[in-house]
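To keep things clear, I will list the structure first and then write my remarks on it.
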Amino acid sequence: MGDSIWSAEFVAAVISGAILAGMPLLLAALGETISEQAGLLDIGLEGMMLLGAYAGFVVTYWTGAPWVGLLAAVAAGMAVSLLMVVFCVRMGRDQIVVGIAILLSMEGLTSLLHAAQFGESYPRLDAMPVLAIPGLSGIPVLGPSVFNQPLIVYVGIALVFVVSWLLARTGLGLAIRAAGWGPAALDRAGVDVVRIRTIASLTTGGLAGLGGGYMAIVTAGIFVPFMTGGLGFIAIVIAMLGRGRPVWVLVGSLLFGLALSVATALQLVGIDIPTDVVQMLPFVTVMVALALFARRSYLPAALGVPFVRGEH
Amino acid sequence: MTATPAPSADGVSSGGPSDAIAIELRGITKLFPGVRANDGVDLVVRRGEVHCLLGENGAGKSTLMNVLAGIYRPDEGAILVGGREAAIACPRDAIELGIGMVHQHSSLIPSFTVLENLMLGRGAGVRLGVKQARQGLAELATVLGVEVDPGTPAGQLSLGQQQQVEIIRALWHGSRVLILDEPTSLLTPKGIADLERVLVRLKQQGLAVVFITHKLQEAFAIGDRISVLRRGRLAGTVDGPTMKALSPDELQRLVVGIMFPGEAQSLARVAGLGEPSEPGAAGRQAAGGEPLLELCEVTVAGAHNEVGIREALSLTLHAGEVLGVAGVDGNGQRPLAEAIAGQRPLASGDVRLAGTSLRRLSIAARQRLGLRYVTDDRLGEGVVESLSVAVNLVSKCIGRPPFWVRGRTRLAVIDAHAAALVDEYGIKAPGVRALAGTLSGGNVQKVVVARELSFAPRLVVFNKPTYGLDLMTTASVRARIRDLVDEGTAGALLISTDLEELLALSDRVAVLSRGRLMGVVPNRPGAEQEIGALMIGGGRDA
Amino acid sequence: MPDAAAGTAPAGAARLPSLWARGAHALWRPAAPVVYGLVAGGVLLLILGKDPLAFYWTTLESGLLSWTGLMQTIIRLAPLLLMSAGFIVAFQAGLWNIGGDGQFLLAAAVVGGLGAPLMGLVPFWLALILLCVVGSAVGAAWTVVPSVLKAYSGMNEIITTLMMAYIGINLANLLIKGPFLTGRVGLPQTSVIPFRFLLPYLPGTRIHVGIVIALVALALVHYMQTRTGYGLRLRILGLNPRAAAHAGIPVKRDIVTAFALSGGLIGLAAAVEILGVWGYVRADWNPAFGMTLFAIVFLAGLDVVVVIPLVAFFAVIQIGGHEAARQAGLPNDFLLVLVGLILFFMVLTEWTRERSRRGRFRGRPGAMSGEAAAGDG
């Protein structure tokens, strides 16, 4: 029976599914990486994803243009992150409390807005067109899975390298990392820590919003309240495990996506694994990974600590 | 020709072409809650000159310069740069006006490379300019006559090298005025010599240098002009010609007179700030008491970027003795103290207190044996700022009678105990229930000392016990240390970076350098030179 | 610990003000943001085209002013207060146990699964006691991995408790669908404890004794915090972990025990809810009290005296808000927005208060758990 399961189609479907499921995680975790490097622990990530998902869905529903929807998702995520900017970056309030406030209010708000607008109905969007990359999409297994995806998937993967380059090779990236590892030093060097953290936080919001928009527009085609179902928190964990390196964030997101996609695919071919086990496995994996590998020194020294000039 | 008293501000400047004036501070006042850190200070900083800002800890030197560097905003007063009034709202403004500051504690990010640290602050745009930075580093290093590897993480450099990188960074950012805040406090003698050489070159380049220090001799050696701050006010200025005209003794008398006017002269001697005092209590002899603390072949791992105890260290401290530990800060003092107290594990060797091995004992168990530790980080770990003075005074005996009976807190007993100690140690607090964080630094230290010295201590480790304290508190803490051992049953290990303090209190002085014990010197006439030689001997400033 | 934990005791007061004055002062602190939050929530209701006054009145009426509503509110109060007690213990020690929902659900599943079978083996009163113990033990056990990782390798407990929460929630479902499944059709659920064997009612009401258990537990927590050495140790640990280590406090042991105590109280909350109200557990049941209570405990400044009225307020809007939302044709989730808004206003009022108190100088930043102490500029 083993041979029949591990057919080329099956493997292709699993990989394709992994990319599809891992993409929102990737986008949100990339965003969280930027915030964490800048010294901000963005617990409200999931709230940003939710409003992104809702805004993306509604705008796509109105305009019929998924790209406009995705842009709206980015804008919505950034709008939510303004709360983080005002309360945590500017006022120096506790990041965990503010993050939870963002999460709760956005969960409630999107649910309310959806109910006010659509009541009990869940209209469906058209699927986003798939872009087959000429030549590469002809490769067996990898062709149909990796190189036959909506354009936004390629954009997401490209973003990994953009963020990598940003953090490692630009003045802004250096400043972002300094805002997390030594905000007082950055301040004394003449760079406004508040401004850098604001930029980082807004970027995080935009990416998380995009991740949410992706879920609503590309993966699901509908908006359901609470549809992110904890993915924001998984993204936070992936970002922490990635230790500020976007390529590792990509690997982590794809592994999570793979775990979800393998289980779904197995169910499709008749091997029934309870969904609870499927949903639990990634977390168990992370716990084991954390217990075995992670240490606190991986995190920026000033993570979660507000910056006030003259007090460091 | 001599020092001008502060109030007549216009008398401070003593001629010289006005175009040589780089910075002028007029009537700077800086208020902190309950404190006038700076009170109408006037100051003129000239090009091609090292201007020493002298004063005790807490006199407002750092605050004044932090105002200039944009860290604090003044409540009153004006800053003139190149003759024009300048608004300095943040460090960036200061940097753009050509003012660079090297803070007392490193402003480099330890996990970043030298090059990355250098590029910090070169805007937050897309371009990083690695090439220019590398080039600038090489050029400026040549100018200053220092060697720095651009790829090394800053945390792996010695403190002296870190300082050099910070100076280079300030110059690279175009600083024409360089402020150095207590730059020698963390340096070895070799590092200090290097710094002096660099300063000479900076002067030749026409830079204005402000050199903050609380050490008289340093100000005399390095400064071209000395301004003395006292309690936030400018107490007086001694200009270059005057400094040259006076003999060292006369100069010293003059400056001490400005720093401690009137009868406070005697206090200056207590604090070791005055004339090189005759060896404290005329050369103490090692008491012949029982061995109390024995360190046997001890090594201790340093934390991240910290020098531990690298070479097996053996020392014996007898009852009735103060054993001093000399050395420049960061040469293994804290690891040693914490290993004895039990706050970090021994890498090898053993510590015995009156014959009992402490190796496997917890902090609490060591405390019950009579071991006490007066930490050098009094606000960071010595007290809990948001708990009351009373609770802080018993925080090391939680759960034990008479303050706790069967786990139940007896508030009345705790308060009474605190009231007695507040009285005995002269702790100035609004009440025993006042939060420790509302006390001044000196009173916090009194709380810490009172806690450690209560309940019959046998051995007390003092780690920089008077650092940053005012003269009165310093004198009282020093008296406590001597009183403790003079009864003959207890002992004290006194870790200090202040040689005068060590000579005034210790029976013997051990010298620590780069995590190694360089030797133990009995406190006799001439001990100062011996200790200095041992410090330099180990002072490879690598 | 967060700013909220830092006391507001005036520096000059050598003598404590009267309990009454202290209570009034302590209550005013959270009252203002609650009022602002209600107003802002009202504006949102207006935007959605609903009448806020009617909404709030219905909430009050069906959550507090009617006898049934009041009883329901008090019944709901029992698990909420116990869970709050659990959070207070952890937060006061500077430990971010944000995995309360996992501890709650897993304990609930085990209590629900073992409940009916155990009733058949021992007298029901003994079974009730045993089940409460089991619930607490399960809740406590679910904190062991995060607490040991925190104590012995400095691992950030926010992440680990969150992970354990997800694992716990799924594991609870697996248990209900697996070993604890009763053979009925429909939604998977555990076997049902007969109604007459559930927790007894208070005389003259239909309110089970859970509320008494909760109040006693809160009183004990308060006593522990203010009058015992252990409580002081946990406070020092929360306020300044380095000072705790310096003072010789057994930091590692205290982290593990405080976490276990926290999880135990949350497990007890689950046991009380199952044994007092439901008698069984359905698969995919998740009241998700955790995050909201987390917020409320903060709002109360970790003060037991303030937590009780605040949680009661929350219970009223939970019970009454359900009816109000139904009448207004809104989903229940308006409550989440309300709590979120209140939190934002709490943060805001705290900030303005600090500013006015200290002029232009802001308070020392509240640090995140234990890590902050190490990061010294």
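The values are calculated or read from the model by the stated rules, or taken from the named source; none is laboratory data. All of these numbers come straight from a predicted model, not from anything done at the bench. Every residue, glycine among them, receives a Cβ derived from its backbone with ideal geometry; neighbour counts consider all protein chains shown. Calculation scope for accessible area: heavy atoms of the full protein, side chains included, ligands and nucleic acids excluded. Shrake-Rupley method; radii C 1.70, N 1.55, O 1.52, S 1.80 Å.
Below is a table of values for the structure above.
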| quantity | calculated |
| --- | --- |
| Under 18 Å from B:Lys428, Cα to Cα: lysines that are on another chain or at least 8 residues apart | B:Lys446 |
| Distance histogram for chain C (every C-alpha pair counted, 10 angstrom bins, percent rounded to whole numbers) | 5, 22, 31, 26, 13, 3, 0 |
| At least 24 Å along the helix axis (C-alpha) and Kyte average at least 1.6, DSSP helices within chain B | none |
| Mean Cβ neighbour count within 10 Å, used as a protection proxy, ranking C:316-322, A:275-281, A:234-240 highest first | A:234-240, C:316-322, A:275-281 |
| 1.4 Å probe, heavy atoms, protein only - residues of region B:409-454 losing at least 30 Å² accessible area vs chain alone | B:Thr409, B:Leu411, B:Pro430, B:Arg433, B:Leu435 |
| Contact order relative to length of chain A, as percent, for alpha carbon pairs under 8 angstrom and 6 or more apart | 39 |
| Cut-off 13 Å, label 7 Å out along Cα→Cβ of A:Val277, residues of region C:175-212 by amide N | C:175, C:178-179 |
| Options C:Tyr223, C:His246, C:Ser147, ranked by Cα towards positive dipole end of chain C, top entry (Cβ charges) | C:His246 |
| Principal semi-axes in Å for chain B [√(5λ), Cα gyration tensor, largest first] | 41, 27, 24 |
| Spatially proximal lysines relative to B:Lys244 (Cα-Cα < 27 Å; intrachain offsets below 8 disregarded) | B:Lys61, B:Lys190, B:Lys203, B:Lys215 |
| Reciprocal of mean inverse Cα separation for region C:22-111 (Kirkwood radius, Å) | 16.3 |
| Rounded to 10°, Cα long-axis angle of helix A:275-293 versus longest principal axis of chain A | 40 |
| Selected from A:Met78, A:Ile19, A:Ile102, residue furthest toward positive end of dipole (region A:1-142; charges at beta carbon) | A:Met78 |
| Interface area, A with B, accessible, probe 1.4 Å, both sides summed, Å² nearest 100 | 1900 |
| Fraction of accessible area attributable to carbon and sulfur, region C:89-173 (%, probe 1.4 Å) | 81 |
| Interface residues in region B:366-385 - accessible area drops by 30 Å² or more relative to the isolated chain, probe 1.4 Å | B:Gly380, B:Glu381, B:Val384 |
| Cα Rg, Dmax, the protein assembly as shown, angstrom units | 33.1, 105 |
| Computed helical MRE - 222 nm, chain A, DSSP H runs ≥ 4 contributing -39500 (n - 2.57), nearest 500 | -22500 deg cm²/dmol |
| DSSP bridge orientation in the protein assembly as shown - percent antiparallel, rounded to nearest 5 | 60 |
| Relative contact order for region C:93-245, counting Cα pairs under 8 Å that sit 6 or more residues apart, in percent | 30 |
| Rounded accessible area per residue of region A:123-246, 1.4 Å, Å² | 34 |
| Reachable aspartates and glutamates from C:Lys252, criterion Cα separation under 14 angstrom, eight or more residues apart if same chain | C:Glu157 |
| Kyte-Doolittle mean at least -0.5 and Cα axial length at least 30 Å: DSSP H helices in chain C | C:19-47, C:67-92, C:100-121, C:251-273, C:304-328, C:334-357 |
| Per-peptide average of other Cβ atoms within 10 Å, ordering C:292-304, B:363-375, A:33-45, C:217-229 highest first | A:33-45, C:292-304, B:363-375, C:217-229 |
| Among C:104-117, B:65-78, B:438-451, the order from most to least packed when residues are scored by Cβ within 10 Å on average | C:104-117, B:438-451, B:65-78 |
| Test item: A:271-284 mean partner chain Cβ contacts at 10 Å | 4 |
| GNM result for chain C, Cα springs below 10 Å: residue of C:Ser66, C:Ser191, C:Ser262 fluctuating most strongly | C:Ser66 |
| FRET efficiency, B:Lys131 to A:Trp62 (Cβ-Cβ, R0 56 Å, nearest 0.05) | 0.65 |
| Long-range Cα-Cα pairs in chain A (distance over 37 Å), rounded percent | 16 |
| Calculated [θ] (222 nm, deg cm²/dmol) that DSSP helices of n ≥ 4 give over chain C, each run adding -39,500 (n - 2.57) | -22500 deg cm²/dmol |
| R0 of 25 Å, Cβ-Cβ distance B:Glu147-B:Gln204: FRET efficiency to nearest 0.05 | 0.80 |
| Global form of region B:398-542, assessed from the alpha-carbon gyration tensor, a/c cut-off 1.5 | prolate |
| Theoretical gain in end-to-end length, B:Met472 to B:Ala78 [0.36 nm per residue, Cα-Cα removed] | 138.5 nm |
| Tensor-based shape of region A:13-143 (alpha-carbon gyration tensor, a/c under 1.5 rounded, otherwise prolate or oblate) | oblate |
| Chain B - charge dipole about Cα centre, Lys and Arg +1 at Cβ, Asp and Glu -1, debye rounded to 20 | 1400 |
| B:Leu369-B:Glu311 pseudo-label distance in nm [points 7 Å out on the Cα-to-Cβ vector] | 2.7 |
| Charge dipole (debye, nearest 20) of the protein assembly as shown; +1 at Cβ of Lys and Arg, -1 at Cβ of Asp and Glu | 1340 |
| Accessible area expressed per residue, region C:209-256, with surrounding protein chains retained (probe 1.4 Å, Å²) | 36 |
| Carbon/sulfur fraction of accessible area - chain B, other protein chains in place, 1.4 Å, % | 52 |
| Loss of accessible area when B meets C, both sides summed, Å² nearest 100, probe 1.4 Å | 2500 |
| Calculated P(r) of region C:153-224 - Cα pairs past 18 Å, % | 68 |
| Per-selection metrics, region B:290-417 (Cα): Rg and Dmax in Å | 16.7, 49 |
| For the pair A and C, total buried accessible area rounded to nearest 100 Å², probe 1.4 Å | 5000 |
| Antiparallel content of DSSP bridges confined to region B:113-243, in %, to 5 | 55 |
| Residues A:Glu9 and C:Leu187, FRET efficiency given R0 of 22 Å [Cβ-Cβ distance, rounded to 0.05] | 0.05 |
| Number of partner chain Cβ atoms within 10 Å, mean per residue of C:152-160 | 5 |
| Chain C: relative contact order in percent, alpha carbon pairs under 8 Å with at least 6 residues between | 34 |
| Neighbouring partner chain Cβ atoms per residue of C:58-71, average, 10 Å criterion | 0 |
